[in-house]
Every structure is written in structure tokens, then in C-alpha cells.
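A short write-up of the structure that comes next.
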Amino acid sequence: MRLRLFARRPATPPTATKPVPLHDPETALPPGAIPFDVALRISREALARHQNADISSRPAMYFAAVDLEHALRTLVTALDHPQDT
């Protein structure tokens with residue numbers, strides 16, 4: 001006698017739903033765009049985090065460079081695409 005541990009379910013047709021667009025250019029911001037005040041806060045926090053970084057430490061300089069580049073790109077994107085707030 002064979003045990004059926006996993007019984008097959010009958011196939012059900014997928015339900016039709018209204019498609020939702022992934023991107024709406026009228027309301028959506030470009031990738032990476034956030035409000036200016038948030039971008040400015042991120043930039044200030046990154047500067048404060050790395051103000052005393054050891055210039056002789058390669059890992060510290062890599063970490064600072066990547067973190068500050070991200071903050072700068074975020075700030076520039078926020079400036080290029082202002083929001084109505």
C-alpha cells in the first residue's frame with residue numbers, strides 16, 4: 001500500500017486582476033530620489049561619521065569614500081529632481 005503524503009490539488013485557473021503599472025512618471029521619483037531635507041541629513045551624517053577617519057588606514061578611506069559618494073549622489077539627485085513638499 002502506497003501512502004499519499006502530498007495530495008495533488010486540482011488546478012485552478014488564475015484570477016484576472018487589473019494590471020498595475022510598475023512606474024508612473026507623473027508621480028514617481030527617479031531611482032534614488034528622496035526629499036531634499038532627508039538627502040541633506042544623510043550627507044551631514046556621513047560627513048560627521050568620517051570627519052576623524054585615519055588617512056593612513058586603507059579600509060577607513062575606502063569606507064569613507066564609498067559612504068560620502070553615496071551621500072553626494074543622493075544629494076545631487078534630490079537637487080536635480082525637487083519635490084513639491
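What the table below lists for this structure:
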{"quantity": "Ranked by how many other beta carbons lie within 10 Å on average, peptides 46-57, 61-72, 8-19 from highest", "calculated": "61-72, 46-57, 8-19"}
{"quantity": "Semi-axis lengths (Å, descending) of the ellipsoid that matches the C-alpha gyration tensor of region 36-80", "calculated": "22, 10, 5"}
{"quantity": "Approximate spin-label separation Arg49-His70, in nm, with each point projected 7 Å along Cα-to-Cβ", "calculated": "0.6"}
{"quantity": "Segment Thr17-Arg58, length gained on full extension (0.36 nm per residue, minus Cα span)", "calculated": "9.4 nm"}
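Every number here is computed from the coordinates shown, using simple stated rules; none is lab data. Not measured: the values here are computed from a predicted model. All Cβ positions, glycine included, derive from the backbone under ideal geometry; neighbour counts span all protein chains shown.
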